[in-house]
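Peer 1: Encoded as structure tokens, here's the structure I'll be asking about.
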Amino acid sequence: MAAHPSVPALLPDGGRVVGEGLLLRRATSADTEPLITFHGSGYETYDDPAVEEDVKTWVRDLTSGKHPTTGIGDFLLVEDTRTKAIVSSICLISQTWSYCGVPFGVGRVELVGTLPDYRRRGLVKRQFEAIHALSAARGELLQVINGVPWFYRQFGYEYAVPFVAEHRGASTQRADAGGAEERYRVRRAGMQDLPFIARLYESGRQR
């Protein structure tokens, strides 16, 4: 977690050259499918097709225009202008957090990745500078990220709060063992469940 440092101005409309044949710019609607493919590939590090599909679904949601705070313009990317390929990218998800009941803006940085052949060129650093500037311009008091701790320390991040835990299970898994009658069932949520989901969310975030 890091308060925003002194950063350069937001990217100009045409982007900024960050190396020979490399252009840092904000994504446009034309980049939607290439971004989904780029992040879904895991930057050539994923070896689990299920994880790959999860990430693709996440990026598709963030770029769909239906997300409440994030759209395609909240993604930055570095394009190799010689091949027109995306070689590095990062995303800003604006959120509202609260402390002791006081709400404040937070910029959640996610989906940070670079293809192996383009690493160690400072591309992620330049994108962090731009993403911090974008977040600060929105009045967000700090930026947060989860991931490799030692890597993000070079951009000013340190451990601050415990990360959220979660439990996952398939609908085919039994809630009770030994042949006892099922006490619970898993189903899709409907509109009628929204009041309960909202109460559960409010209760959980008080932790």
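A short reminder: the numbers here are calculations on the coordinates, not readings from a lab. The model shown is predicted, which means the values in this text are computed figures rather than measured ones. Positions of Cβ are backbone-derived with ideal geometry, glycine not excepted, and every protein chain shown enters the neighbour counts.
Peer 1: Please turn the phi angles of the range 56-68 into ³J(HN,Hα) values with the Karplus equation 6.51 cos²θ - 1.76 cosθ + 1.60 (θ = phi - 60°), one per residue in order, whole Hz, x for glycine and proline.
Peer 2: Result, rounded to whole Hz: 4, 4, 5, 5, 4, 5, 5, 9, 6, x, 9, 6, x.
Peer 1: Given H placed on each backbone N at 1.01 Å, which residues far from Ser94 in sequence or on other chains put an amide H within less than 5 Å of it?
Peer 2: Close amide H contacts, sequence-distant or interchain: Arg108.
Peer 1: Around Trp97, with a cut-off of 14 angstrom between Cβ atoms, what is the net charge of the other residues, counting Lys and Arg +1 and Asp and Glu -1?
Peer 2: Values: positive: Arg108, Arg138, Arg205, Arg207; negative: Glu140, Glu202.
Within the 14 Å Cβ shell, the charges total +2.
Peer 1: Here is a follow-up. Could you give each residue of the range 79-84 its phi-based ³J(HN,Hα) in whole Hz, using Karplus coefficients 6.51, -1.76, 1.60 with θ = phi - 60°, and x for Gly or Pro?
Peer 2: The phi angles translate into 10, 7, 5, 7, 10, 6 Hz.
Peer 1: Taking the alpha-carbon distance from Lys125 and a cut-off under 28 Å, which lysines remain once sequence neighbours fewer than 8 residues away in the same chain are dropped?
Peer 2: Once the sequence-local lysines are set aside, what remains near Lys125 is Lys56, Lys84.
Peer 1: For the range 1-156, report the translational diffusion coefficient in µm²/s to the nearest whole number, using Stokes-Einstein at 25 °C, 0.890 mPa s, and a Kirkwood Rh over Cα pairs.
Peer 2: 153 µm²/s
Peer 1: Where does the charge balance sit around Gly147 when Lys and Arg score +1, Asp and Glu -1, over other residues with C-beta under 12 Å from its C-beta?
Peer 2: +1
Peer 1: Further, regarding this structure: In the neighborhood of Gly107, defined by Cβ-to-Cβ distances under 9 Å, what is the net charge if each Lys or Arg adds +1 and each Asp or Glu adds -1? If you can, show how the numbers build up before the last one.
Peer 2: Working: positive: Arg108, Arg138; negative: Glu140.
Spelling it out: positives minus negatives among the neighbours equals +1.
Peer 1: While we're looking at this one, here's another question. What whole-number value in cubic angstrom gives the convex hull volume per residue for the C-alpha atoms of the range 71-119?
Peer 2: 77 Å³
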